[in-house]
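The values are calculated or read from the model by the stated rules, or taken from the named source; none is laboratory data. For clarity, every value in this text was computed on a predicted model and none was experimentally measured. In this analysis, Cβ positions are derived from the backbone assuming ideal geometry, glycine residues included, and neighbour counts consider all displayed protein chains.
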Amino acid sequence: MKFVDEFRDAELGRAVAAEILSLVEPGRHYKFMEVCGGHTHSIYKYGVDDLLPANVELVHGPGCPVCVIPMGRVDDGIALAHADGVIFTCFGDMMRVPGSAGSLLDAKAAGADVRMVYSPLDALRIAKQNPGREVVFFAIGFETTAPSTALTLKRARAERVENFSCMCSHVTIVPPLKALLESPDLRLDGFIGPGHVSTIVGARPFEFIPADYGKPVVIAGFEPLDILQAITMILRQLEAGRCAVENQYTRVVPYEGNLRALQVMAEVFELRPHFEWRGLGFISHSGLKLSEAYADLDAERRFSVPGVRVADPKACQCGEVLKGVIKPWECKVFGTACTPERPIGTCMVSSEGACAAYYNFGRFAREREVV
Amino acid sequence: MTDCDSDHCITCGDDGVPMTVLAVDIERGLALCSDAEGAHHTVETALVDPVITGAALLVHAGTAIASLQER
């Protein structure tokens, strides 16, 4: 398909990899964070890291929305799913995320009416088909997904679908990046910026990274050639002794973002004072809730939720993985107690989670190296 | 259950799927689109410019978030 195949060209990939090799200084170790889980997935799936010199290290960031949902939030969703008359809808990956006493999938097995949807619009359709039931949509995701939820809530309002509400757990990308940059655990040389979040928010919100922290950012697409080219662009900045926000993904990302999406988000959402992230703790102004104008569609106001904070399991090191402090295979339970079939931590649930991506693809390459 | 062995984690994340517009319903703000595997999807088009048949869109969670441009 156009816009896909040409960015998977192996010969071009080898040429860009050779260019990367020519740009690195032999005695220097480079550490770049790919912010987005979609990049992590592509890196392992296509073996992008196999094409990089040994002194270029990719660190996986916090950009998988499933992976950053804390256990207490899952418990809140499960409590809603068990409420009388409720049909609880959520994206597929979210169903397997463990709460303190099981997942939404377990709740479904125990009798709760939990249904997987592919989009918020699917959830609204279920509400229209079931006027005698309350339909709750568990909204997760970064700025990429939030406009879709916002448009659906506007449709619900316009079409007077009164049995539809939303448990909003949308998050924003900039605050956790600031938290990571302030973290003493981590030394980074540059960022591969999130391509599809940037489709919505544009490149401007990332300008603080070069301005305040002196690190290059290159917003990148998700095909293997996109990622390799982004690494080349970061290396060129470092070689020239400069840092800026650059956009590799120009076929999709306008510098100013999608103004219509930003407008609809501003209408429907407002920032929470603080929101808990798995592994990163509470971060100010990092989560979205429904604005006062849409308060009647807020499931957390319509129903009672426990709202209890739950500590992560001791064995789970998702926090360190999300901060890029350890690699997935360095976690004590990786691939043994924690697998995609029976995940303990959220990073093993979604295919965009660093642990699941590595388990499904990367470990085979590593096994070859070890041998 | 969603199939996470495919190219995309289709239901979440910072993920977008390129699709081609097959038909447009201007009144409802929807388009019928086809993905790379030929599967058909109904897509919300409120966030992108008026779309035409044959156009390429980037779709996330049932919503077109960008028109794909050659640059």
* Asked: Which one is surrounded by the most Cβ atoms within 10 Å (Cβ to Cβ), of the residues in region A:146-184 that are more than 24 Å from A:ARG73 (Cβ to Cβ) and among the charged types (D, E, K, R)?
  -> A:ARG155
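So that you can scan it fast, the table gives a plain yes or no per residue for (1) modelled with pLDDT of 85 or more; (2) surrounded by fewer than 18 Cβ atoms within 10 Å (Cβ to Cβ); (3) in the same structural domain as A:TYR249 (by TED's automatic domain parsing); (4) part of a helix (DSSP H, G or I):
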{"site": "A:LYS2", "(1), (2), (3), (4)": "no, yes, yes, no"}
{"site": "A:ARG14", "(1), (2), (3), (4)": "yes, yes, yes, yes"}
{"site": "A:ALA18", "(1), (2), (3), (4)": "yes, yes, yes, yes"}
{"site": "A:GLU25", "(1), (2), (3), (4)": "yes, yes, yes, no"}
{"site": "A:VAL35", "(1), (2), (3), (4)": "yes, no, yes, no"}
{"site": "A:HIS39", "(1), (2), (3), (4)": "yes, no, yes, yes"}
{"site": "A:ILE43", "(1), (2), (3), (4)": "yes, no, yes, yes"}
* Would you be able to say whether some residue in region A:46-58 is among the hydroxyl-bearing types (Ser, Thr, Tyr), in contact with a helix residue (DSSP H, G or I) (Cβ under 6 Å, 6 or more places away or on another chain), outside the structural domain of A:MET348 (by TED's automatic domain parsing) and not in a helix (DSSP H, G or I)? => no
* Report the residue count in region B:31-71 for those that are over 12 Å from B:VAL17 (Cα atoms) and within 9 Å of chain A (Cβ to nearest Cβ). => 8
* Take the residues in region A:208-229 that are of a type in the set (Gly, Ala, Ser) and buried (at least 23 other Cβ atoms within 10 Å of the Cβ), then tell me which one is modelled with the highest pLDDT. => A:ALA220
* Taking only pairs six or more apart or across chains, which ones have beta-carbon atoms under 6 Å, a first residue in region A:81-109 that is part of a strand (DSSP E or B), and a second residue that is of a type in the set (Lys, Arg)? -> A:ILE87/A:ARG133; A:THR89/A:ARG115
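So which of A:PHE334, A:PHE303, A:PHE282, A:PHE275 is out of contact with any strand residue (DSSP E or B) (no Cβ under 8 Å at 6 or more places or on another chain) and among the aromatic types (Phe, Trp, Tyr)? Let's see the steps before the verdict.
Working: A:PHE303 fails: out of contact with any strand residue (DSSP E or B) (no Cβ under 8 Å at 6 or more places or on another chain); A:PHE282 fails: out of contact with any strand residue (DSSP E or B) (no Cβ under 8 Å at 6 or more places or on another chain); A:PHE275 fails: out of contact with any strand residue (DSSP E or B) (no Cβ under 8 Å at 6 or more places or on another chain).
Step by step, each of A:PHE334, A:PHE303, A:PHE282, A:PHE275 is checked, and only A:PHE334 is out of contact with any strand residue (DSSP E or B) (no Cβ under 8 Å at 6 or more places or on another chain) and among the aromatic types (Phe, Trp, Tyr).
A quick yes/no check of all residues on (1) within 20 Å of the chain's Cα centre (by Cα); (2) assigned to a loop (DSSP other than H, G, I, E, B); (3) in contact (Cβ under 8 Å) with a residue 12 or more places away in the chain:
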residue	(1), (2), (3)
A:LYS215	no, yes, yes
A:ILE234	no, no, yes
A:GLU246	no, no, yes
A:ARG251	no, yes, yes
A:GLY257	yes, yes, yes
A:LEU262	yes, no, yes
A:GLU276	yes, no, yes
A:LEU288	yes, no, yes
A:GLU300	no, no, yes
